[in-house]
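Written out below as structure tokens is the structure these notes cover.
The values are calculated or read from the model by the stated rules, or taken from the named source; none is laboratory data. Bear in mind the structure is a predicted one, so any value in this text is a computation, not a measurement. Neighbour counts run over all protein chains shown; Cβ positions are idealised from the backbone, glycine included. Heavy atoms of the whole protein, side chains included, go into the accessibility calculation; ligands, DNA and RNA do not. Shrake-Rupley method; radii C 1.70, N 1.55, O 1.52, S 1.80 Å.
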There are 2 protein chains.
Amino acid sequence: VPPGLALGPGGEFDLIRSFFGRDGSVVPPGVRVGPGDDCAIVVGDGIALSTDMSVEGVHFRREWLSAEEIGYRSTAAALSDLAAVAARPIGALVSLGIPVGDTPELARQLTLGVHRALDVAGGVLLGGDITRTTGPLVVDVAVVGEATVPVLRTGSRVGDELWVTGTLGGAGVALRAWLAGTEPADQARAAFAAPVPRVREARWLAERELMNALIDISDGLAGDATHLAFAAGVAIELEADAIPLHPALAAMADPPETAVHLALTGGEDFELCFSAPVGRVDALEPEFVREHAVALTRVGRVVEGQGVWIRDTRGGVRPLATAGYQHFETSF
Amino acid sequence: VPPGLALGPGGEFDLIRSFFGRDGSVVPPGVRVGPGDDCAIVVGDGIALSTDMSVEGVHFRREWLSAEEIGYRSTAAALSDLAAVAARPIGALVSLGIPVGDTPELARQLTLGVHRALDVAGGVLLGGDITRTTGPLVVDVAVVGEATVPVLRTGSRVGDELWVTGTLGGAGVALRAWLAGTEPADQARAAFAAPVPRVREARWLAERELMNALIDISDGLAGDATHLAFAAGVAIELEADAIPLHPALAAMADPPETAVHLALTGGEDFELCFSAPVGRVDALEPEFVREHAVALTRVGRVVEGQGVWIRDTRGGVRPLATAGYQHFETSF
């Protein structure tokens, strides 16, 4: 405890504290005790929990995103794990490590983004912790939802189709641009800065009992399909032609193979990937698209074996390297 | 995303991942889905949740504690928030920010300590996230428990007695020694490095319906009594003579006033502080001490007014500065 970090009564973040328990928010069902006591208390049949830590310089840079966007994106990434089991979001607990060189205003801006992501998903801030750090900004988000009948990673069966929501590779294109020292196009930047956790889409699909297994795409489709295959002891065969490419990929000058590679390994698209019995999804796909304005695309199938394979445009099938986007990290 | 932080298949922490889902642990009631999927799923009537972030250089230093002790202490501190609402621990989700200069062995050592704290409290590791950071070590722990009838901060009534478990000031003595460049005595060091979250004690008291309001002592009794007073719109009067001093305080050469001051403001003792109707606790105190081998001491009473006051040995009553131990921090 460096002496310079000791403080008098109250602490500099007391104003932020009052901001956390925002008046006027609609409290979703299941919150028995909100922020302000030693614990929040939630009720529900099957409480889903996950945590996701975002660190400046590893997951984002402040040259790329505003503080409000950092708060939004960190929270949206965590909420995507609730979508990945088809849970209904209840809320989040958010820990902020604020660098010593920053003012409390940084915490306030981050919190604006946290609230925006929770508003989008239908949850509230249940609690948290704000502390100083001598290092980079840290945002750790623990999300809380209700999943009466969770859809897990384990249920894929040989013969199932593999589907994804939305388009892939947008966030990867933005990242590639920033790392090359250029500014990404608006669409790609938005894919990275403002992903929408697919909580409503996942619940819509779960209510119709369409899915045998479900995961969100946070490491890239290649990596997350590998998780699905491993969890069920099966193989997954992807169709290169079928991968739904983000518009930003189509706008690139690179050869088509590069676009598909980025879509498979770019990571952090936060779309859904699920397996479903043959023919079940086709009939409902138009209604899904109408309801959510999000694409739904069959990208492959579940076969006997292990690992993830890709069938290219010339009909050849080759094993896919399982490496998705990695931050020196493991999540469990 | 610094290029040096990108990794190939698997990631360096994959071994740790397998360690997290430790075989042979006794899974407590209420865990429907453990680690390994996108979310853990717990069930129970009233799920209590809290989060607590510990940062190297702010909450601890590596010269003071081993990695295993850092993992233990960070988890015990978070579990103390479950004790503070009389919840039964179910488990924790733990996010680790591992400095780039450290090996995965650091994560393994931290996790040993996390498991030890969970074993003490009766919970299991439900999930987490490990990432690299260019800054100091960060351990963020989200705890999960069942609190069917939580005891909150708000229930104190004028006329109640105020009680604390254990003794106070031990962790503060250790901190003072380290900050002065000396090594603390064993007893004081243990108070800082190995606090026992009072989850069993809190549940014992709650089952006997002894408490009107409850908090854990993480900011120092002065600060936490202030929280209780504010939450109920009452004042609290402490008896200077009654404060149970940690043995390490008795061993100091300082005047008695300094010992009492450290016991009131030292912070991070993680004992319980609760208000109870007059006379209810006395009858059960011997049984409590026999059962838990932890002291139970009446330290004051709830009166009309606001704030926290202290009655000194000469009978004078003065307002107590509310500043407890602060890390530039707010928790909510």
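Data for the structure
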read-out: Within 10 Å of each Cβ in B:117-128, the average number of Cβ atoms from other chains; value: 2
read-out: Principal axis dimensions, largest first and in whole angstrom, of chain B by Cα; value: 69, 48, 35
read-out: Bridge type composition, chain B - antiparallel percent by DSSP, nearest 5; value: 70
read-out: Estimated FRET transfer efficiency when R0 is 35 angstrom, pair A:R61-A:E287 (beta carbons, to 0.05); value: 0.30
read-out: Taking the convex hull of Cα positions in the protein assembly as shown, its mean projected area over all directions (nm²); value: 28.5
read-out: Nearest-first distances (nm) between copies at B:E304, label 7 Å from Cα via Cβ; value: 8.4
read-out: Degrees, to the nearest 10: A:221-232 long Cα axis against longest axis of chain A; value: 80
read-out: FRET efficiency estimate (nearest 0.05) - Cβ-Cβ, B:E207 to B:D241, R0 22 angstrom; value: 0.10
read-out: Gain on full stretching of the segment that runs from A:D119 to A:E304 - 0.36 nm per residue minus C-alpha separation; value: 62.4 nm
read-out: Ratio of the Cα radius of gyration of the range B:60-197 to 2.2 N^0.38 Å, where N counts its residues; value: 1.17
read-out: 1.4 Å probe accessible area per residue over the range B:201-332, in Å²; value: 42
read-out: Interface A:B - total buried accessible surface [probe 1.4 Å, Å², rounded to 100]; value: 7200
read-out: GNM flexibility winner over chain B from B:A191, B:A78, B:A232 (Cα, springs under 10 Å); value: B:A232
read-out: Of all DSSP beta bridges in the protein assembly as shown, antiparallel share, percent nearest 5; value: 75
read-out: Area projected by the alpha carbon convex hull of the range B:58-101, averaged over all directions, nm²; value: 4.0
read-out: Longest DSSP-loop-exposure-free segment, GluC sites (Glu not before Pro), chain B, at most 16 other Cβ within 10 Å; value: B:64-208
read-out: All Cα pairs of the range A:127-171, percent lying beyond 13 Å; value: 79
read-out: Estimated distance in nm for a label pair at B:D102 and A:V149, the labels positioned 7 Å out from Cα along Cα-to-Cβ; value: 4.3
read-out: Portion, in percent, of the accessible area of the range A:108-196 that falls on carbon or sulfur, probe 1.4 Å; value: 56
read-out: Quotient of C-alpha Rg and 2.2 N^0.38 Å, computed over the range A:95-165; value: 1.62
read-out: Heavy atoms of B:M252: accessible area, 1.4 Å probe, square angstrom to 10; value: 40
read-out: Normalised convex hull volume, the range A:192-277, alpha-carbon set, Å³ per residue; value: 104
read-out: FRET efficiency estimate (nearest 0.05) - Cβ-Cβ, B:R32 to A:D312, R0 45 angstrom; value: 0.65
read-out: Cα long-axis angle, helix A:104-121 against chain A (0 to 90 degrees, to the nearest 10); value: 40
read-out: Viscosity 1.002 mPa s, 20 °C: Kirkwood-radius Stokes-Einstein D of the range B:256-312 over Cα pairs, µm²/s; value: 156
read-out: Largest-first principal axis extents of the Cα set of the range B:219-322 (Å); value: 37, 35, 27
